[in-house]
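*Asks:* Can you read through this structure? Questions will come right after.
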Amino acid sequence: MGQAMSKILSEAKDNPQAFWAQAAKDVVWIEPPKTILEDSNPPFYHWFTGGKINGCYNAVDRHVAEGKGEQAAIIYDSPVTDTKRIITYNELLDEVSRCAGMLAHHGVGYGDRVIIYKPMTPSAVISMLACARIGAIHSVVFGGFAAAELAKRIDDAAPKLILTASCGIEPSRIVAYKPLLDEAIEMSAHKPQAVILEQREQLKAEMIEGRDFDWHDEMASANAVDCVPVNSEDPAYILYTSGTTGMPKGVVRPTGAHIVALKWSMKHIYDCEAGDVYWAASDVGWVVGHSYITYAPLFEGCTTVIYEGKPVGTPDAGAFWRVISEYKVKAMFTAPTAIRAVKKEDPQGTLIADYDMSHFKYQFLAGERCDPDTLRWCEEKLGVPTIDHWWQTETGWSIAANCMGIDPVPVKAGSPALPIPTCDVQILDEGGKELPSGEIGAIVVKLPLPPGSLSGLWQNDARFIEAYMADFPGYYKTGDAGYIDEDGYVYVMSRTDDIINVAGHRLSTGGMEEVLAEHADVAECAVLGVNDELKGQVPMGFVVLKSGVSRAGDDIISELVASVRSRIGPVAAFKLAVIVARLPKTRSGKILRGTIQKIANGEEYAMPATIDDPVILDEIQDALSHIGYPKS
Ligand code: COA
Ligand code: AMP
């Protein structure tokens, strides 16, 4: 490790509060915080309490005030609509201030929730910033979720208003948002006061008189409003993420700490400064989109790219390289699955040569385990450092990363490198005992978490404690398993719970099981993730039918696939299911999901000592062979 990194790590370790107090000087406060770390009520920790700040001011107004109004803030590149647009900081300020005025006009005030259900267009980012401007709490919902998922979020967040668009555009189809939204509002107990909808020319939505308003009309008549002082510890946003049940967890992000942490990360992790073009090819509906499409690049005064397209098929596997070259992108961030999709279509990376990539300095990857092949392919074909980093919706930014802006450590394939400063990552066994280097166990972070991490779950302290804090008192349980090597590098191997990662999207197998179990013919079921060359993992269902059911198994499977799609959404990518006579269980009745998973993946497994009937494993193997699993 270089001197700069070891100095920063040791200073941070010795005095985390001094470290973050220093970082906090890099953002604009209306009133500086009175306390750097409020730790009187563990496991609830709050960074930078007693201060007043505004996220929109730090992302937009500040740069205009500093004379950078004519610099590009947003580049919108949409191959699916054949649109390109550059928005300067001056223009962004104008649109965000009017959007904030529009929200205020509809009665949205400090602390009110606003759901944003929009595709990857500038108005999604403008909507987020407008909420921040008036101290409203946004909750962005990813477009690939079904109405029932949206309804759960509406009921939990109880938004005053919903901002939406008429449609999203997938390469294969136009996704009509409005019928999904209408259905969700119909299903939910809470009813928003109003919906403001942006009509897109690809599909016009039907409006409901009195409840629905047109975005363009409302924006045109809105008065600009100024930033309000926001208490540093108040929520900037709620972002729902998959838990072990079908009810998602509402991760709450505290305002001040999120601004300080993300600003710090841009320089120190991504090596990007004001004026650089930074691109996170994700979606605003995910945490990557919150932190690295909207907030962090704008806090730093960079130009951020909003890309409404895919890595392949819009129009080809050179799309990423075109965007990088056209806008002189310095650092790009995507999920390994996106690179695998590109690599599959253009294994030799020949399309890269069509573009001038001279401004491109770093390829960052996260969202799922980065397989060494993908890492090597990027390094070799792109000729730039390829940096894996590990984080979660809960943390909002890296837990472990190779800090390019401090001094890079050697890349080790399969590892996102070192814990970030002040983040005390440890590996514990089931009893909470620290494991020596090289041994796999639960990955935990000693409390307090660094600034920018969740301050709790929305109105659910009990679930916050139970999900993250109860198993290892004094530590945050990441839900990931892995090890730390002798050089301190972290290796993240798998989840310890029922969460799977499909194409970089986090999904709950428990949620899918709830949907399958509701089918009239299903007696019991298990859903688990099986390896997939492109998506990393895909869900597979194992279903036991009620006795006496004589309908064709294929028909039942088609119905199950359709129900997961309509209840959770296409993003779940639930397409594989097998009907089995019985599920293997322990004598105490617990389904042996790990063993089934190993069989489906063709991996070695030890016969579980507690299995009630080993013959069931042969039956599972047999059922899998009918759908071509395990794959050779
Ligand atoms: N709105 C509506 N539907 C959506 C959607 C959205 N915003 N995003 C995805 N979907 C749909 C897709 O159309 C697809 O539907 P289908 O079953 O009818 O084909 C389904 O959800 C699954 O989508 P996806 O996971 O994107 O798979 P894909 O096969 O269409 O594309 C990749 C595969 C690898 C190209 C794509 O997953 C990808 O780009 N992944 C990168 C992920 C990423 O950026 N993650 C964020 C963390 S960094
Ligand atoms: P999400 O909350 O959607 O960002 O998903 C977080 C989960 O994705 C983590 O808990 C990990 O299981 C997985 N993950 C994210 N980044 C990485 C990475 N770099 N390496 C391994 N797993 C990762």
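*Asks:* How many residues does segment 375-395 hold that are away from ligand 2 (no atom under 15 Å from the Cβ) and in contact with a Gly (Cβ under 9 Å, 6 or more places away or on another chain)?
*Replies:* 4
*Asks:* If you go through segment 268-298 one residue at a time, how many are of a type in the set (A, V, I, L, M) and within 11 Å of ligand 2 (Cβ to nearest atom)? Break it down into steps so the answer makes sense when it comes.
*Replies:* So in segment 268-298, the residues of a type in the set (A, V, I, L, M) come out as 269, 274, 277, 280-281, 284, 287-288, 293, 296, 298.
Imposing the further condition that a residue be within 11 Å of ligand 2 (Cβ to nearest atom) reduces the set to 287-288.
Residues meeting the conditions: 2.
*Asks:* Do we have any residue at all in segment 139-156 that's under 24 Å from A73 (Cα atoms), out of contact with any Gly (no Cβ under 6 Å at 6 or more places or on another chain) and not β-branched (V, I, T)?
*Replies:* The answer is yes, given that some residue of segment 139-156 is under 24 Å from A73 (Cα atoms), out of contact with any Gly (no Cβ under 6 Å at 6 or more places or on another chain) and not β-branched (V, I, T).
*Asks:* Separate question: Name the residues in segment 39-52 that are within 17 Å of I259 (Cβ to Cβ), open to solvent by 50 Å² or more (accessible area, probe 1.4 Å) and more than 26 Å from the chain's Cα centre (by Cα), would you?
*Replies:* Matches in segment 39-52: K52 only.
*Asks:* Any idea which residue in segment 396-411 is nearest to ligand 2 (Cβ to nearest atom), counting only those that are in contact (Cβ under 8 Å) with a residue 12 or more places away in the chain and either charged (D, E, K, R) or surrounded by fewer than 24 Cβ atoms within 10 Å (Cβ to Cβ) (or both)?
*Replies:* V411
*Asks:* Follow-up. Being without any contact (Cβ under 8 Å) to a residue 40 or more places away in the chain, open to solvent by 10 Å² or more (accessible area, probe 1.4 Å) and more than 17 Å from the chain's Cα centre (by Cα) is the filter here, so list the residues in segment 495-524 that pass it.
*Replies:* Passing the criteria: E513, A517, A520, D521, A523.
*Asks:* If you go through segment 487-499 one residue at a time, do you hit one that is more than 16 Å from ligand 1 (Cβ to nearest atom), outside any strand (DSSP E or B) and of a type in the set (S, T, N, Q)?
*Replies:* There is at least one residue in segment 487-499 that is more than 16 Å from ligand 1 (Cβ to nearest atom), outside any strand (DSSP E or B) and of a type in the set (S, T, N, Q).
*Asks:* Of the residues A21, A65, A12, only one is under 30 Å from D487 (Cα atoms) and out of contact with any Ser or Thr (no Cβ under 9 Å at 6 or more places or on another chain); which?
*Replies:* After applying the criteria, what remains is A21.
*Asks:* Taking segment 1-21, which residues are open to solvent by 70 Å² or more (accessible area, probe 1.4 Å), closer than 19 Å to A401 by Cβ and part of a helix (DSSP H, G or I)?
*Replies:* Scanning segment 1-21 gives Q3, K7, E11, K13.
*Asks:* Another one. Inspect all residues belonging to segment 180-192 and state whether any of them is assigned to a loop (DSSP other than H, G, I, E, B) and surrounded by 19 or more Cβ atoms within 10 Å (Cβ to Cβ).
*Replies:* Yes, there is a match, as at least one residue in segment 180-192 is assigned to a loop (DSSP other than H, G, I, E, B) and surrounded by 19 or more Cβ atoms within 10 Å (Cβ to Cβ).
*Asks:* Quick one: which residue in T337, T386, T314 is buried (at least 22 other Cβ atoms within 10 Å of the Cβ), within 10 Å of ligand 1 (Cβ to nearest atom) and of a type in the set (S, T, N, Q)?
*Replies:* T337
*Asks:* Being closer than 30 Å to P235 by Cβ and within 16 Å of ligand 2 (Cβ to nearest atom): is that true of T422 here? Give the steps one after another, and end with the answer.
*Replies:* Working: closer than 30 Å to P235 by Cβ: yes; within 16 Å of ligand 2 (Cβ to nearest atom): no.
No; evaluated as a whole, the condition is false for this residue.
*Asks:* Additional query: Being modelled with pLDDT under 95, of a type outside the set (S, T, Y) and in the same structural domain as V60 (by TED's automatic domain parsing) narrows it down to one residue among G143, G168; which is it?
*Replies:* G143
*Asks:* Do you know which residues across segment 582-598 are surrounded by fewer than 20 Cβ atoms within 10 Å (Cβ to Cβ) and among the aliphatic types (A, V, I, L, M)?
*Replies:* L583, I591
The values are calculated or read from the model by the stated rules, or taken from the named source; none is laboratory data. Just so we're clear, the structure is a prediction, and the values are computed from it rather than from any experiment. Don't worry about glycine lacking a Cβ; one is built from the backbone with ideal geometry, like all the others, and counts go over all protein chains shown. These area figures cover heavy atoms from the full protein model, side chains too; ligands, DNA and RNA do not enter into them. Shrake-Rupley method; radii C 1.70, N 1.55, O 1.52, S 1.80 Å.
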